[in-house]
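Here the structure comes first, spelled out in structure tokens, and everything after it is commentary.
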Amino acid sequence: MLLCEVTSAGAVDLSVTIGALRLRNPILAASGTFGYGLEFAHLVDLNCLGGFVTKGLSREPMEGAPPPRLYPTPSGMLNAVGLQNVGVRAFVAEKLPVLRKFDTAVIANVFGYCVEDYAEVIRILEDVEGLAAYELNISCPNVKRGGMQFGSDPIQVSEVVGAARKAASKRQLWVKLSPLVADIGLIARSAEEAGADALTVANTYPAMALDYRTGKSRLGNLTGGLSGPAIKPITLKLVWETRKAVKAPIIGLGGIETVEDVLDYLSVGASAVQVGTASFADPKASQRIADGLPNALFDVKVFTLNEIRDKFLQENG
Ligand SMILES: Cc1cc2nc3c(=O)[nH]c(=O)nc-3n(C[C@H](O)[C@H](O)[C@H](O)COP(=O)(O)O)c2cc1C
């Protein structure tokens, strides 16, 4: 449910609820584009965001994919980072104690090669303070095992989400879906029935770029994931399709660079959004967008965030 009440651009309550979790505003920074939050703390006032999602955390540290890992494309970017991360135990020991000083929702993005890996990462996180929710990445295109392999089959989605749900008794479980599926409604329903509290729609699109002169890929990993403005219209439709298929709240992301992009995602049914690739060009993007939201709502004479969605529903319901 969206609770924002806009009476004047200056005094706006932008808070939103995702199930039982209340966020200051609907703007979060996306996994893999905001480090562990700490890397951005000198540039962005973390206390002004609805929250942020950590880089994907795995049971053991991961070295990731060989360089180059990023390649700019028209209106977007390819990446193949391969889920490099410090591992869940180092995150708990080294990053989380510092993160607890901030008043923002920290969402732990969780990754595994098999169902038991996902459950084990969550079990390790269950005992620590300072996290608002888990986001299960069942949609990474840049690893050979795990990731997307889970996210495109409703039976495997049910298994991995069910196991994560059992492990996650203390916190909300968000499930991040792959955009490359025949019927995202089917996958979303499977995740919801297995216990997802919210759905994050969506991850990057499997893609590639090469140099025909050398015959080499532009990425060390041969293929990668496409993100940025190029994917926004496609993902927007996926959020709309997911909205029609499930009751669970949706966190929308893909190509968000401006406040207007956020309002588009809220219109088709997202309760909150994440800002990803935009933070590469402008590290302050998430805060800039959060700061601009009250005026943008006021400009279109919308007095609650719900009204934005109702407008679209009335026209297209
Ligand atoms: C460099 C990079 C690393 C990423 N790493 C992760 C990750 O570890 N876990 C995850 O769930 N998504 C990851 N993503 C996907 C983003 O969180 C997001 O879903 C995607 O980029 C689409 O949003 P955008 O167009 O705003 O970037 C990564 C994206 C990029 C560009």
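The values are calculated or read from the model by the stated rules, or taken from the named source; none is laboratory data. Nothing here was measured: the structure is a model prediction, and the numbers come from that model. Ideal geometry is used to build each Cβ from the backbone, glycine not excepted, and the neighbour counts take in all protein chains shown.
Details
- Asn306 vs. criteria surrounded by 15 or more Cβ atoms within 10 Å (Cβ to Cβ) and modelled with pLDDT under 95: yes
- Here Thr204 fits the description: of a type outside the set (A, V, I, L, M, F, W, C), crowded, with 18+ Cβ neighbours inside 10 Å and within 16 Å of the ligand (Cβ to nearest atom).
- Residue in segment 72-84 that is over 19 Å from Tyr118 (Cα atoms), more than 13 Å from the ligand (Cβ to nearest atom) and at pLDDT 95 or above present: yes
- Residues that are without any contact (Cβ under 8 Å) to a residue 60 or more places away in the chain, under 30 Å from Thr17 (Cβ atoms) and within 19 Å of the chain's Cα centre (by Cα) within segment 47-93 comprise Asn47, Thr54, Lys55, Asn85, Val88, Phe91, listed in sequence order.
- Every pair of residues 6+ apart whose Cβ atoms lie under 7 Å, when the first sits in segment 94-112 and is touching a residue at least 60 places away in the same chain (Cβ under 8 Å) while the second is part of a strand (DSSP E or B) and charged (D, E, K, R): Ile107/Glu135; Asn109/Glu135
- Residue in segment 43-50 that is out of contact with any helix residue (DSSP H, G or I) (no Cβ under 9 Å at 6 or more places or on another chain) and in a loop (DSSP other than H, G, I, E, B) present: no
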